[in-house]
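Bear in mind these aren't lab numbers, they're just calculated from the coordinates by the rules spelled out. Quick caveat, the model's predicted, so the values are computed rather than measured. Cβ atoms come from the backbone with ideal geometry, glycine included; neighbour counts cover every protein chain shown.
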Amino acid sequence: MTDQFLLLKDQVYKTYDQNPFIHLLQIKIVELEEGMAKLTMPIVTKHTNLYNVAHGGALASLADTAMGVACSTTGKKVLTLDMNMNFIRTAKPQEMIIAVGRIIHNGTHTMVAETDIVDDMNKLILKARATFFVVGEFS
């Protein structure tokens, strides 16, 4: 790991730690590598729908965040252009779910990333892919 990446990594943690939406959803960054981000989120009552399972919007937010954080590990600031998701199974309350976002295309103007969200038994809950527009340098 280079000194430059270590500084960027520290900045990514600080930036996302100051984001109110990330706090609302209780998302935590637990691991960062260049091109990869691992995040967790508990499924608590405020994250559930009327069927008492994780709301699709909460899962989409976690997926988008995991991919966006993965993009930021390259030093690029991005905005989501497009995202698709396959909901595989439900996430019940009190489960700690894990999202791993990975970059699959690191272009000058666009980036493509994907994420898997799994439960604590490593069962797939959601698979997502998104295209991001590069708007500058992450700082």
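So what is the calculated 222 nm ellipticity per residue for the chain, using -39500 (n - 2.57) for each DSSP H run with n of 4 or more, over all residues, to the nearest 500 deg cm²/dmol?
-8500 deg cm²/dmol
Between Gly107, Leu25, Pro93, whose Cα lies farthest towards the positive end of the dipole of the chain when Lys and Arg beta carbons carry +1 and Asp and Glu beta carbons carry -1, centred on the Cα centre?
My answer, from the dipole projection, is Pro93.
Among Ser61, Ser139, Ser72, which comes first, then next, by fewest other beta-carbon atoms within 10 Å?
Ascending Cβ contact count within 10 Å gives the list Ser139, Ser61, Ser72.
Test of the criteria: in the stretch 21-96, which chymotrypsin sites (Phe, Trp or Tyr not before Pro) are in a DSSP loop and have at most 11 other Cβ atoms within 10 angstrom of their Cβ?
Numbers: sites: Phe21, Tyr51, Phe87; in loops: Tyr51.
Answer by residue number: Tyr51.
Which residues does the label zone of Phe5 cover in the stretch 28-47, counting backbone N under 19 Å from a point 7 Å along Cα→Cβ?
Inside the label zone: 29-39.
Among His109, His55, His47, rank each residue by its count of other Cβ atoms within 10 Å, from fewest to most, as a rough exposure measure. Walk me through the numbers on the way to the answer.
Numbers: His109 8, His55 16, His47 22.
Listing His109, His55, His47 from fewest to most nearby Cβ atoms yields His109, His55, His47.
Hey, got the dipole for the chain? About the Cα centre, +1 on K and R Cβ, -1 on D and E Cβ, debye to the nearest 20? Walk me through the numbers on the way to the answer.
On the way: 13 positive and 14 negative charges, 67 e Å.
The dipole of the chain has a size of about 320 debye.
For a label point 7 Å from the Cα of Ile88 along Cα→C-beta, name the residues of the stretch 121-135 whose backbone N is under 12 Å from it.
121-128
Would you mind getting me the FRET efficiency between Phe21 and Val135? Use the beta-carbon distance for r and R0 = 22 Å, nearest 0.05.
Working: r = 18 Å, r/R0 = 0.83.
It comes to 0.75.
Have a look at Ile22, Ile98, Ile117 and tell me which one the Gaussian network model of the chain (Cα, springs below 10 Å) gives the largest fluctuation.
Ile22
May I have the extent of the alpha carbons of the stretch 19-128 along their three principal axes, as whole Å values ordered from largest to smallest?
Principal axes ranked by extent give 42, 26, 24 Å for the Cα atoms.
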